[in-house]
Amino acid sequence: MSGGAAGAPKPLPSSGPKSLREMPHPLATSSSEEMGPALTPSPDLLLPRSIADKDLSLPNGTPVDTSSPASSSSLLNRLQLDDDFDVETRDLFVTVDDPKKHVCTMETYITYRVTTKTTRAEFDLPEYSVRRRYQDFDWLRNKLEESQPTHLIPPLPEKFVVKGVVDRFSEEFVETRRKALDKFLKRITDHPVLSFNEHFSIFLTAKDLNAYKKQGMALLSKMGESVKYVTGGYKLRSRPLEFAAIGDYLDTFSLKLGTIDRIAQRIIKEQLEYLVELREYGPVYSTWGGLEVELSEPLEGVSACIGNCCTALEELSEDMTEDFLPVLREYILYAESMKNVLKKRDQVQAEYEAKLEAVALKREDRPKVPTDVEKCQDRVECFNADLKADMERWQNNKRQDFRQLLMGMADKNIQYYEKCLTAWESIIPLLQDKPETK
């Protein structure tokens, strides 16, 4: 920052819970005590590693027992139990369920039941149940961005889908969206600041949300207004190193996750095409068996085996579509949300630097820095502290989410190959030579 005038504030101290370099790496797999010191893109994200040239082992060095594939299920259950450790300390629980379709003259839409259970004193009742549609969730997120500009707001699933490709009223799509909306509210519920936001309380409790929607900007905080209306005329000279590292990491993270998302979608598409071929392929053996009396039994066995493999592949594709892809999409959107908060921080810092320069150019001897400059400095420090705290929280959530995601993916693939192996092994006796009866 520039500040040549006498009495100009000293450079902003590093605020927040801890320095960025003390934070654990977002994709690291060891415990927080063992994390590397710098927040830089993991080399594993940039360079593919071959697992063929070394023994399989977990990131902590524990060798993998490939003879016991079912162990992934127990590890997955162990990871899921992590969520239960702090349940007793929570005082707010929110769930999204019971989607219902509404057909009106002008539109057709889906509503979801939002159930809240709480012991917080600011709520009049211990339990609430309201119905909300997607645009209500969108209203909530916009209000959170306006009133809490220094914080990372969890992303919503994308609203629009390509017509003719995805039926937004299909059971599968509605359930996928319900899960995403439920995750969105749980992210807010677990946040130490956002969960106390007045708009969030209104969203959870108001029977008629439209009355609050019409109030527009009336409920915005002064902090939100001051950031929202900062003009774009200020230009930041350079980001502090720790925030530049965050920006670089988010760019790399988005790029790599976007690549995984595109490849995963192609894999699913090819699996579905392969599934069509298998469904045509299996019955051919069955019809052939009708012409070959001596081979009818093994041919029928091959046909049934291919049918079982079809079922297993269909389940695997559904799991990837419903469980794997949504998590990738959420974190791609999450990274964009973090980038937006980073840009807001940069804008406030740029405003602060410009005001410092204006004070310096006046060359006036003043006992202290003008109040508006001090307020601007406070906003920068607030942004720094909140952004670093949210970044650390995001890292912790992401680490746990991706461990569960990858463990679940491993478990589903093991189940798929086990089913195919069992199917093919079952027809071996039918294909072996049998002694002729005399």
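The values are calculated or read from the model by the stated rules, or taken from the named source; none is laboratory data. Since the structure is predicted, the reported quantities are computational estimates derived from the model, not experimental observations. We place every Cβ from the backbone using ideal geometry, glycine too, and count neighbours over all the protein chains shown. All accessible areas refer to the heavy atoms of the entire protein, side chains included, with ligands and DNA or RNA removed. Shrake-Rupley method; radii C 1.70, N 1.55, O 1.52, S 1.80 Å.
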Legend entry - Members of region 210-243 that are open to solvent by less than 30 Å² (accessible area, probe 1.4 Å) and at pLDDT 75 or above: Phe243
Inset, instruction - Could you grab me the full set of residues in region 180-190 that are open to solvent by 10 Å² or more (accessible area, probe 1.4 Å) and under 14 Å from Asp390 (Cβ atoms)? - result: Arg187, Asp190
Inset, instruction - Considering every residue within region 283-298, establish whether at least one is open to solvent by 80 Å² or more (accessible area, probe 1.4 Å), in contact (Cβ under 8 Å) with a residue 24 or more places away in the chain and farther than 18 Å from Gln432 by Cα. - result: no
Legend entry - Among residues of region 75-125, those that are loosely packed, with under 12 Cβ neighbours inside 10 Å, modelled with pLDDT of 90 or more and among the aromatic types (Phe, Trp, Tyr), counted: 0
Inset, instruction - Pick out the one residue from Phe137, Phe169, Phe173 that is modelled with pLDDT of 95 or more, among the hydrophobic types (A, V, I, L, M, F, W, C) and either part of a helix (DSSP H, G or I) or farther than 25 Å from Leu405 by Cα (or both). - result: Phe137
